[in-house]
Amino acid sequence: MARPAHFLGPWDLDPRLASVPEPGEGTVVLVESRAKGLALPWHRKKLVLVLAAQRHFAEELRGLGHEVELVRAGSYAEGIAEHVRRHGSTEVRALRPRDRGMEEALLRADLGAPLNLLDDGGPGGHFLLTRQEFADWARGRKQLRMDQFYAWMRKRTGLLMDAEGRPEGGKFSFDADNRKHAKGIAPPARPGTPPDALTQEVIEEVEAAGFGYGSARGFAWPVTRAQALAARDRFVAERLAGFGDYQDALVEGEPFLWHACVSAALNLSLLSPQDLLDPMLEAWRAGRAPLNAVEGFVRQVLGWREFMRGVYHLRMPELRDANRFGAEGSLPGFFWDPEATEMACVRDAVRQVHDHGYAHHIQRLMVLGNYALLAGTAPLEVSHWFWAAFVDAAEWVELPNVHGMALAADTTFTTKPYAASGAYLNRMGDHCKGCRYKVKERHGDDACPFNPLYWDFLARHRDDLASNPRMRMIMGHLDRFDPEELRAVRATADRIRAAHPPAPETYAFHDDQG
Ligand SMILES: Cc1cc2nc3c(=O)[nH]c(=O)nc-3n(C[C@H](O)[C@H](O)[C@H](O)COP(=O)(O)OP(=O)(O)OC[C@H]3O[C@@H](n4cnc5c(N)ncnc54)[C@H](O)[C@@H]3O)c2cc1C
Ligand code: SF4
């Protein structure tokens, strides 16, 4: 008897999703897409992550009694069409793909059966909100403010709200208590998840294919729900209590600090947002983690993650081409090669990305994103790099983070760019003391490159930035520069930009839709 086919993208690996049928009521099709695999110079650990997670999930569903086909095909659409042909499927059901290009590709394709797309949020979806619910919240607002969205989400869900409907601790956000540096403090170990036999096979396969960035060896990310739950539990037991205090800290040679390291599992749906929120609240109620840690974490998952996903769908396709500062520079080659820069903070962050496909939020925002912003790098070059090189990246989340947050290329929610000089990095981290550059110098060959690039950025965009009341103080500072000194600062910035090594040809981008 012909039945519907249920397509699960590699980001839909949760048996609780509405696109998973009851056993016997439809077939499940998963696809390994060649086009997607070759679309960007993906980190090899990301290729392992996606392939291993999908193959494990197919086994898990079979164990639950589902009829599952894992198809290798030229593209997702071709794989689905092949499955439909073989099974004579009456219909294709799927959650709406999270990335716009993927959704358009499926809508354009002839799958051989009608396509029925369900919302990827709300009941049966992965996200807490439906796309419509976010659009309704955003309607009529001139500027979208994450703090307002987050307060709305807290009230709506009742999370961390007291019996009178007030936020626990008297305020919605303890952001001001999340800014301690961690100099001299040893962070807890985060051992990672050792690969099992199936994952090891995938590691060998990816290494043998010889495509992509970094190495598949040393892979230690969770690829099943059970592994992801175990990693989450270790975070709650060992790192959550310090998450709040040290959320913004930078420590040389310490990639994970007190971070949860759950984004890759979450973005593949091995975990749902609720799987993360529940044990955090439980830890707080039991007195095992302070409010500033638990609220800080809830803010990321209930606030930032849902907000970014909402902004992405609201602002596409314009978000992709956003370029408020008209930045046209090429991505410096040291984004791919940590040994190609002497900036200790940048080298450390790029080394972590190279080794793990991961850097924590402050490295992404205030080291890598900040450098790209100050240097005037073209937004799409930056976002392609983030998309390819990070294990947790997908367009729906990297694009609003890169174009919206780090580069302020789009002004939907960021008016004041997260631009910072070396002084910020010196305050929050411990890299400067061993760096070849001098963090207090503003110009000359020994000056910390963040300094001349920072003042040059402000000078280049003076007209735009001066109208922002939150920039008034710093623009006043720029106006008081001695003209001679400003000339020297800007000449140093020009020299730094001109000396950027080019990105290696191997990592050129061809197509990013797949
Ligand atoms: C330039 C830039 C690029 C980024 N690209 C990605 C990306 O491709 N994929 C991705 O998942 N996150 C991205 N982020 C957001 C954030 O940095 C990562 O989610 C986080 O570092 C993942 O590590 P973690 O799980 O240890 O997070 P933690 O610091 O422990 O935070 C917990 C969780 O909160 C969520 N979260 C926190 N901040 C954000 C945010 N700004 N947007 C969305 N979710 C958030 C994540 O799911 C994360 O797992 C980016 C941020 C910046 C500034
Ligand atoms: S001196 Fe500048 S480049 Fe060197 S580590 Fe400090 S902030 Fe980074």
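Please tell me if Ala389 is modelled with pLDDT of 95 or more and in the same structural domain as His500 (by TED's automatic domain parsing).
On the way: modelled with pLDDT of 95 or more: yes; in the same structural domain as His500 (by TED's automatic domain parsing): yes.
So Ala389 fits the description; yes.
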Task: Residue match in the range 62-74 (condition: free of Cβ contacts under 8 Å to residues at least 24 places away in the same chain and over 30 Å from Asp321 (Cα atoms)) - done: yes
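Any residue at all in the range 337-355 that's outside the structural domain of Asp147 (by TED's automatic domain parsing), touching a strand residue (DSSP E or B) at 6+ places or on another chain (Cβ under 9 Å) and in a loop (DSSP other than H, G, I, E, B)?
Initially, the range 337-355 is screened for residues outside the structural domain of Asp147 (by TED's automatic domain parsing), giving 337-355.
Subset that is touching a strand residue (DSSP E or B) at 6+ places or on another chain (Cβ under 9 Å): 353-354.
Adding the requirement that they be in a loop (DSSP other than H, G, I, E, B) leaves none.
Scanning the range 337-355, I find no residue that is outside the structural domain of Asp147 (by TED's automatic domain parsing), touching a strand residue (DSSP E or B) at 6+ places or on another chain (Cβ under 9 Å) and in a loop (DSSP other than H, G, I, E, B), so the answer is no.
Does at least one position in the range 188-198 carry a residue that is among the acidic types (Asp, Glu) and in contact with a helix residue (DSSP H, G or I) (Cβ under 8 Å, 6 or more places away or on another chain)?
Just the residues of the range 188-198 that are among the acidic types (Asp, Glu), to begin with: 196.
Among the residues that remain, those that are also in contact with a helix residue (DSSP H, G or I) (Cβ under 8 Å, 6 or more places away or on another chain) are: none.
Within the range 188-198, not a single residue is among the acidic types (Asp, Glu) and in contact with a helix residue (DSSP H, G or I) (Cβ under 8 Å, 6 or more places away or on another chain).
Scan Ala135, Ala94 and give me the residue that is at pLDDT 95 or above, of a type in the set (A, V, I, L, M) and surrounded by 14 or more Cβ atoms within 10 Å (Cβ to Cβ). Quick ask: steps written out before the conclusion?
Numbers: Ala135 fails: surrounded by 14 or more Cβ atoms within 10 Å (Cβ to Cβ).
Just one listed residue meets the conditions, Ala94.
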- [ ] Considering only the range 1-107, give the strands (runs of 3 or more DSSP E) lying wholly within it that have at least 2 residues that are not hydrophobic (A, V, I, L, M, F, W, C).
- [x] 27-33, 67-73
TODO: May I ask you to list the residues in the range 212-261 that are over 30 Å from His384 (Cβ atoms), among the small types (Gly, Ala, Ser) and part of a loop (DSSP other than H, G, I, E, B)?
DONE: Gly244
Task: First in the range 407-432 and more than 17 Å from Met475 (Cβ to Cβ) and without any contact (Cβ under 8 Å) to a residue 60 or more places away in the chain, second anywhere and of a type in the set (Val, Ile, Thr) and assigned to a loop (DSSP other than H, G, I, E, B), Cβ under 6 Å, 6 or more apart - done: Gly422/Val439; Asn426/Val439
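Check Arg309, Arg288 and return the single one that is in the same structural domain as Leu160 (by TED's automatic domain parsing) and either within 16 Å of ligand 2 (Cβ to nearest atom) or over 21 Å from Ala186 (Cβ atoms) (or both). Walk me through it before giving the result.
On the way: Arg288 fails: either within 16 Å of ligand 2 (Cβ to nearest atom) or over 21 Å from Ala186 (Cβ atoms) (or both).
When all the criteria are applied, what remains is Arg309.
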TODO: Name the residue, out of Ala186, Ala182, Ala135, Ala151, that is among the aliphatic types (A, V, I, L, M), within 30 Å of Lys45 (Cβ to Cβ), in the same structural domain as Val251 (by TED's automatic domain parsing) and touching a residue at least 12 places away in the same chain (Cβ under 8 Å).
DONE: Ala182
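Mind checking which residues of the range 45-68 are closer than 22 Å to Phe390 by Cα and of a type in the set (Gly, Ala, Ser)?
To start, the set of residues in the range 45-68 that are closer than 22 Å to Phe390 by Cα comprises 45-57.
Passing the criteria: Ala52, Ala53.
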Task: Test: Ala264 is within 11 Å of ligand 1 (Cβ to nearest atom), buried (at least 18 other Cβ atoms within 10 Å of the Cβ) and small (Gly, Ala, Ser) - done: yes
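Among the residues in the range 320-340, are any within 16 Å of ligand 2 (Cβ to nearest atom) and of a type in the set (Asp, Glu)? Can you show your working first?
So in the range 320-340, the residues within 16 Å of ligand 2 (Cβ to nearest atom) come out as 332, 334-335, 338-340.
Retained after the next criterion (residues that are of a type in the set (Asp, Glu)): 339.
Yes, the range 320-340 contains at least one residue that is within 16 Å of ligand 2 (Cβ to nearest atom) and of a type in the set (Asp, Glu).
Could you identify the single residue in Val84, Val92, Val71 that is β-branched (Val, Ile, Thr) and closer than 26 Å to Val391 by Cβ?
Details: Val84 fails: closer than 26 Å to Val391 by Cβ; Val92 fails: closer than 26 Å to Val391 by Cβ.
After ruling out the rest, the residue left standing is Val71.
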Task: Filter result for the condition that a residue is at pLDDT 95 or above and within 24 Å of Val298 (Cα to Cα), over Gln148, Gln143 - done: Gln148
Task: Residue, nearest to ligand 1 (Cβ to nearest atom), within the range 231-261, restricted to residues that are among the aliphatic types (A, V, I, L, M), buried (at least 23 other Cβ atoms within 10 Å of the Cβ) and closer than 21 Å to Gly303 by Cα - done: Ala260
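Each row is one residue, and each column tells you yes or no for (1) in contact with a Ser or Thr (Cβ under 7 Å, 6 or more places away or on another chain); (2) within 8 Å of ligand 1 (Cβ to nearest atom); (3) more than 14 Å from Met308 (Cβ to Cβ).
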| position | (1), (2), (3) |
| --- | --- |
| His360 | no, yes, yes |
| Tyr371 | no, no, yes |
| Val391 | no, no, yes |
| Trp396 | no, no, no |
| Gly404 | yes, no, no |
| Pro417 | no, no, yes |
| Ser421 | no, no, yes |
| Gly434 | no, no, yes |
Open item on the list: Can you name every one of the helices (runs of 4 or more DSSP H) wholly within the range 399-514 that holds 3 or more residues which are over 19 Å from Val346 (Cβ atoms)?
Closed with: 450-460, 462-466, 472-479, 483-498
Open item on the list: Checking Arg427 against (1) surrounded by 14 or more Cβ atoms within 10 Å (Cβ to Cβ); (2) of a type in the set (Lys, Arg); (3) at pLDDT 95 or above, only one condition comes out false. Which one?
Closed with: (3)
- [ ] Might you let me know whether the range 318-325 holds any residue that is in contact with a helix residue (DSSP H, G or I) (Cβ under 8 Å, 6 or more places away or on another chain), in contact (Cβ under 8 Å) with a residue 40 or more places away in the chain, surrounded by fewer than 21 Cβ atoms within 10 Å (Cβ to Cβ) and in the same structural domain as Lys416 (by TED's automatic domain parsing)?
- [x] no
- [ ] Could you list, in sequence order, all residues of the range 167-204 that are in a loop (DSSP other than H, G, I, E, B), at negative phi and surrounded by fewer than 12 Cβ atoms within 10 Å (Cβ to Cβ)?
- [x] Ala186, Ala189, Pro191, Pro194
Task: Residues satisfying the stated conditions in the range 356-386, i.e. in contact with a Gly (Cβ under 9 Å, 6 or more places away or on another chain), away from ligand 2 (no atom under 16 Å from the Cβ) and either in the same structural domain as Leu268 (by TED's automatic domain parsing) or not charged (D, E, K, R) (or both) - done: His356, Gly357, Gly376, Thr377, Ala378, Val382, Phe386
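The values are calculated or read from the model by the stated rules, or taken from the named source; none is laboratory data. None of these values were measured; they are calculated from a predicted model. Note that each Cβ is placed from the backbone with ideal geometry, even for glycine, and that neighbours are counted across all protein chains shown.
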